[in-house]
Amino acid sequence: MDPKRVNKKRLAAISRAMFSLAALLLLCHTPPLHAAPVAVKGVLDLGAWDFKIDGPVLLNGEWCFHWGNFLPPESLRHLKKLPGEVAAVPSVWSSVIYKNRKLHNKGLGTYHLRVRLSHRPELLALKLPTAGTAYNLYVNGKKIAYAGKIGKSRETMTPAYRPQITTFAPEDDILDIVIHMSNFNYRWGGQWYSPVMGEPRDIRELREDNIIKEAFLTGIFFIMFIYHIMLVLLRKIDGFSLVFSMVCIILCVRQASIGEIIALNLFPFISFKTIIRLEYLTFFAVVPVISTFLLIAFPRAYSKTISMGVIIVGGIFCGIVVSTPVEFFSSTITVYQVFTIACIFYGLRGIIRSVIEKLDGAIILSAGFAVLFIAAINDILYARQIIDTGHMSGYGLLCLIFCQAFLVNHRFSKAFTAVETLSGMLEEKNRDLTDLTQNLERIVEDRTCALKEAYVEIKKLAFTDPLTGLSNRRSILKIIGQEERRLERNRTPLSIGLLDIDDFKSVNDTYGHDCGDTVLVAIAGSLDNILRKQDRAARWGGEEFLLAFPDTDTAGAMIVANKLKKQIGRKKIFHSGHLISVTVTIGICQYHEDLGIGGTIKLADEALYKGKRKGKDCVVSAASPDRIR
């Protein structure tokens, strides 16, 4: 069986296995808390719940809610009948209907939850996630936790992100949990994540598990960043590794700034605004960086123009995060999430195309990116509180890293195999050389073959311009002669064009002849890329190029020539630290029997110089000398 076919099958099988494993990891990401009762009208009945057996419980459901006031915890504790206004936890204030009106996210309020336990435990613990954006927490009238400083205005409060655990000893089997919360500094306010209550050991283990997972992901991203930066230092032209290292460091910073915010453990002095900026900045930055990574990995599957647009949009949003207050840049998240979803579908489209075209590495990378895209969609839905699964982009990128590492090792393996094959071929050639020295007749035969090959090469050089690789004058005249005989038989049109680089002498005088050679090579490359398959191009002399357009009348040749002129005008040529752009003037003439090839070229030349006299950077027809831009 064909080894290449076997390798492709193996790659496909490994990709499916990694995709399935990653999908299973994403599905199993949420900590497995037992199904528990939820609060109804401010009361959570845990009479049938045993924390030692059933484990921790999420304090989800309807909490009593008092908008615009910090009610004394002691007064709420002694209420026989709880008031009827409630707010869902988890939720943000803008989704709460309070006294028949929808709240806004800036303000203050009091949450109250009465919990009925099956018995009075000796000790309980609460796992408190981030909330918007400052709070004091009381249990049975005693303040046991806080984050930031609550206040009744922007000036009197201090926002803070502070995931924490607090323990307390219940006085009886009824708990009155009161949270005073205020927000005047952020787009969202309220208890957007649910507190968790349980045995202190279970709560600590739950938080430690989360911290270990996040530290593990952060460490992997940082190590992969260092690894790929080392590759870039060793091989400076490796843009693939450079962009991938940027993805890794962005995700490293983001992973440390969300969830349990492990960055606070390393840098406790980090402010609320800094954490929010890091969270938004890393989200806004990762989209254009991954877009660039995809473009480098599969240049045939993605448009440079669209990728540049993604980079520009991402850069603008990153600039907004850096230069504007939290209240402003946080309000842009919805627009950017829509933009991100559009980029995700564009990325998937390119990956599907690369798989269909069987590009090298497309299958394995497509599996990794598919998982990453799923994780990204999950994070957007989680941030919008549509689903309650947790942040998963870290796991998606982890899968992508493994896919990319496998691909690199696969390519290294192919390279080593190629080296071994070449080594075997070299040994074989050495044995042949030994045999040749012992057999004069074989030497003569080989020399004869070599002379024949040299003759072929010399013949090729005779018809090729050595600098640009295009046909030379001799070759193009031969080709045009053949076209002339063909069009006389078939009566098909033929147009001739002469292209001249404007002010080429000033390029040579200003930057040197080496730069002039670079410009000529760049123009030749543009001719190869832009001209149609049936068209021919040759270096006519100096900075002039001759263009032949078979089966094309003057109007058609003018269209192609104008396209060529515009593309060359937009082209940026780099040489010795200088960025150079040039323009060209093109003269067009359609072949006529009474003119012949020589006359047609002469008229095209005259049209060219008409264009020069009219200001250059234009296409001029011998039949219609008006400038066409």
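Packing-wise, with mean Cβ within 10 Å as the measure, how do 516-525, 458-467 rank, highest first? Intermediate values should be presented prior to the final figure.
Working: 516-525: 18.9, 458-467: 12.1.
In decreasing order of mean packing, 516-525, 458-467 become 516-525, 458-467.
For the chain, the Kirkwood radius over C-alpha pairs fed into Stokes-Einstein at 37 °C and 0.692 mPa s yields D = 106 µm² per second. For the peptides 38-47, 262-271, the ranking by mean Cβ contacts within 10 Å, running from highest to lowest, is 38-47, 262-271. Amide H contacts for residue 540 (H built 1.01 Å from N in the peptide plane; partners 5 or more residues away or on another chain; cut-off under 5 Å): 545, 546. Computed from backbone phi with θ = phi - 60° and the Karplus coefficients 6.51, -1.76 and 1.60, the 3J(HN,Hα) list for segment 258-273 is 10, x, 7, 6, 5, 4, 5, 5, 8, 10, x, 7, 5, 7, 4, 4 Hz; x is used for glycine and proline.
Quick check: convex hull over the Cα atoms of segment 206-299, volume per residue in Å³, rounded to an integer?
Each residue corresponds to 99 Å³ of Cα convex hull volume.
Accessible area per residue for segment 255-330 is 44 Å², calculated with a 1.4 Å probe on protein heavy atoms, without ligands, DNA or RNA. Straight-line cross-link partners of residue 41 among the aspartates and glutamates, defined as a Cα under 12 Å from its Cα and at least 8 positions apart when in the same chain: 62, 85. Across segment 526-536, computed HN-Hα scalar couplings (Karplus, 6.51 cos²θ - 1.76 cosθ + 1.60, θ = phi - 60°) run 5, 4, 4, 6, 9, 5, 6, 4, 7, 6, 10 Hz from first to last residue, x flagging Gly and Pro. Highest mean packing first, where packing is the average number of other Cβ atoms within 10 Å per residue, the peptides 132-143, 344-355, 328-339 line up as 132-143, 344-355, 328-339. Straight Cα distances below 14 angstrom link residue 127 to the aspartates and glutamates 199, 202, 205, 208, 209, 260, with same-chain residues fewer than 8 positions distant left out.
Can you tell me how segment 74-115 classifies by the Cα gyration tensor, rounded, prolate or oblate, using a/c under 1.5 as the rounded cut? Verdict is prolate for segment 74-115. Under 5 Å from the amide H of residue 621 lie the amide H atoms of 588, 626, each residue being 5 or more positions distant or on a separate chain, with H modelled from the backbone and absent for Pro and chain starts. Label positions at residue 312 and residue 532, each projected 7 Å from the Cα along the C-beta direction, are separated by 3.1 nm. Computed over protein heavy atoms with a 1.4 Å probe, the carbon and sulfur contribution to the accessible area of segment 289-394 reaches 74%.
Candidate cross-link partners of residue 429 among the lysines, defined by an alpha-carbon separation under 24 Å and a same-chain spacing of 8 or more, comprise 414, 452. Extension gain for residue 381 to residue 167 (0.36 nm times residue separation, less C-alpha to C-alpha distance): 73.8 nm. What a 1.4 Å probe finds exposed on segment 501-629 is 49% carbon and sulfur by accessible area, rounded to a whole percent.
Could you tell me how many cubic angstrom of Cα convex hull volume segment 276-322 has per residue? If you can, show how the numbers build up before the last one.
Working: hull volume 2.3 nm³, N = 47.
Each residue corresponds to 48 Å³ of Cα convex hull volume.
State in Å² the accessible area per residue of segment 116-227; use a 1.4 Å probe, count heavy atoms of protein chains only, and round to the nearest integer.
Values: 4750 Å² over 112 residues.
Heavy-atom accessible area per residue stands at 42 Å².
Ligands, DNA and RNA left out, the 1.4 Å accessible surface of segment 130-256 is 62% carbon and sulfur atoms. For segment 510-564, the per residue solvent-accessible surface stands at 41 Å², with DNA, RNA and ligands left out and a 1.4 Å probe.
Applying 1/(1 + (r/R0)^6) with R0 = 30 Å to the Cβ-Cβ distance of residue 461 and residue 416 gives a FRET efficiency near 0.25.
Our note on the geometry: Cα centres of segment 110-175 and segment 471-496, 88 Å apart.
The values are calculated or read from the model by the stated rules, or taken from the named source; none is laboratory data. Keep in mind it's a predicted model, so treat the numbers as computed, not measured. Counting neighbours? That spans all protein chains shown, and the Cβs are built from the backbone with ideal geometry, glycine included. Areas reflect the complete protein model, heavy atoms only, side chains present, ligands, DNA and RNA absent. Shrake-Rupley method; radii C 1.70, N 1.55, O 1.52, S 1.80 Å.
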